[in-house]
1. Among (1) open to solvent by 20 Å² or more (accessible area, probe 1.4 Å); (2) at pLDDT below 90, where does His130 come up short?
2. Could you check region 68-101 and list, in sequence order, the residues that are open to solvent by 30 Å² or more (accessible area, probe 1.4 Å) and either more than 13 Å from ligand 1 (Cβ to nearest atom) or at pLDDT 90 or above (or both)?
3. For residues that are of a type in the set (Gly, Ala, Ser) and assigned to a loop (DSSP other than H, G, I, E, B), scanning just region 211-221, find the one that is modelled with the lowest pLDDT.
4. May I ask you to list the residues in region 190-210 that are buried (at least 17 other Cβ atoms within 10 Å of the Cβ) and outside any helix (DSSP H, G or I)?
5. I need every pair where a residue in region 41-53 that is in the same structural domain as Arg236 (by TED's automatic domain parsing) and assigned to a loop (DSSP other than H, G, I, E, B) has its Cβ under 6 Å from the Cβ of a residue that is β-branched (Val, Ile, Thr) and open to solvent by 30 Å² or more (accessible area, probe 1.4 Å), sequence separation at least 6 or different chains.
6. If the requirement is being within 12 Å of ligand 2 (Cβ to nearest atom) and more than 30 Å from Thr252 (Cβ to Cβ), which of these qualifies: Thr50, Thr59?
7. Working only within region 175-207, note down all residues that are away from ligand 1 (no atom under 11 Å from the Cβ), in contact with a helix residue (DSSP H, G or I) (Cβ under 8 Å, 6 or more places away or on another chain) and of a type in the set (A, V, I, L, M, F, W, C).
8. Out of Glu143, Glu182, Glu105, which single residue is part of a strand (DSSP E or B) and modelled with pLDDT of 60 or more?
Amino acid sequence: MSDLLERFRAGERRALARLLSHVENRTPFGIQAERELYPLTGRAHLIGITGPPGAGKSTLVAGLIREARRQSLTAAVLAVDPTSPVTGGAVMGDRIRMLDVQSDEGVFIRSVTGRGRGGGLAPALCAMAHVLDAFGFDLVLLETVGAGQDDVDIARLADTTVLVLVPGLGDGVQSLKAGTLEVADIFVVNKADLPGANQVVRDLRVMQRLMVGAAEQAPILSTVATTGEGIDQVLRAILEHRRQLEIHGQLTERTQRRLLAEARYLALEALADQLDEVLETLPAEDRASLETRQLDPRTLAMRLIERLRLSFPASRS
Ligand SMILES: Nc1nc2c(ncn2[C@@H]2O[C@H](COP(=O)(O)OP(=O)(O)OP(=O)(O)O)[C@@H](O)[C@H]2O)c(=O)[nH]1
Ligand SMILES: [Mg+2]
């Protein structure tokens, strides 16, 4: 196992791939490796690419990689595979196969499935991003479908979040769930070759007057990801965003917030696991007295908390 870490440190990609699996599945070795590699992290620029299903996120990511390589920046991608096959979106691997980057040492792509892992998606993505950061990639891109609240939270785990929108979103930008637009550091209106793209840009400008925080001033860029049009500007805006955070001393604060959110996720998960364990061993008389109204749920909740072991598990099966 220490051999694997050694090969990782020597820059061997197969060791990277294996270590990512360990970390994703939270094997005891993965958890230990994560801890050991953590001091090597903090260099990469973490970029969240989020937006509705089929918006062209993967195509855009492929274009961003091509542009990054042109500037000699290395890039890794963690793509959360679309859970629905209806969207017309292809898995990341398919998009990348269209590029000539498979043999490129400066590019690494990994799909992450939405389920079937011990633990939540967000903490797994964080941990895997740390590994890619430690490996030395300049850019680490996270592609997620921005539909649920979870995804919005994932978007907050990046230094720079790009929200990809497209024409034809039903009732338009106004219909998006509250909080969706606010995560954006950069707005990209993709599929600018389709009718209605200019209207999306105009709507966004109007909406921005009502926003608070960073999204209020986020640049709005148009792209045609399939032809590469406008992608150079997107990468420039991404790099500039982080530079501005640094210049204005906001990067430290943002990074702290991001890492605290990660710790909170892990702590919550451990607590939820232990709570479930306690519930499983709940005496039958407690259940009964709930139903006969001798015990109220709040009192039981307090007892449950008292019975938590309050220790952090070494690993999660
Ligand atoms: N007309 C047009 N089609 C595009 C553009 N960008 C992407 N597409 C097409 O839109 C479809 C979805 O593209 P993807 O890149 O897979 O979209 P995605 O957002 O990654 O999809 P999911 O991961 O499933 O959410 C594909 O058929 C793309 O070829 C664009 O700029 N214009
Ligand atoms: Mg995709």
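The values are calculated or read from the model by the stated rules, or taken from the named source; none is laboratory data. The shown structure was predicted, so the numbers you read here are calculated from the model rather than taken from an experiment. Cβ atoms come from the backbone with ideal geometry, glycine included; neighbour counts cover every protein chain shown. SASA here: full protein model, heavy atoms, side chains in, ligands and nucleic acids out. Shrake-Rupley method; radii C 1.70, N 1.55, O 1.52, S 1.80 Å.
1. The single condition His130 does not satisfy is (2).
2. Step one: of region 68-101, the residues open to solvent by 30 Å² or more (accessible area, probe 1.4 Å) are 69-74, 81-89, 91, 94-95, 97-98, 100.
Arg69, Arg70, Gln71, Ser72, Leu73, Thr74, Asp100, listed by residue number.
3. First pass over region 211-221, keeping only residues of a type in the set (Gly, Ala, Ser): 213-215, 218.
If we keep only those that are assigned to a loop (DSSP other than H, G, I, E, B) as well, we get 213, 218.
Details: Gly213: 74, Ala218: 93.
Out of the qualifying residues, it is Gly213.
4. In the first step, residues of region 190-210 are kept if they are buried (at least 17 other Cβ atoms within 10 Å of the Cβ); the result is 190-192, 197, 200-201, 203-204, 207.
Within region 190-210, Asn190, Lys191, Ala192 meet the criteria.
5. As it stands, the answer is Pro53/Thr87; Pro53/Val145, since those pairs meet every condition given.
6. Numbers: Thr50 fails: more than 30 Å from Thr252 (Cβ to Cβ).
Answer to the check: Thr59.
7. First, pick out the residues of region 175-207 that are away from ligand 1 (no atom under 11 Å from the Cβ): 175-187, 196, 198-207.
When the remaining residues are screened for being in contact with a helix residue (DSSP H, G or I) (Cβ under 8 Å, 6 or more places away or on another chain), the result is 179-187, 200, 203-204, 207.
Listed by number, the residues that qualify are Leu181, Val183, Ala184, Ile186, Phe187, Val200, Leu204, Met207.
8. Numbers: Glu182 fails: part of a strand (DSSP E or B); Glu105 fails: part of a strand (DSSP E or B).
None of the others qualify; the one that does is Glu143.
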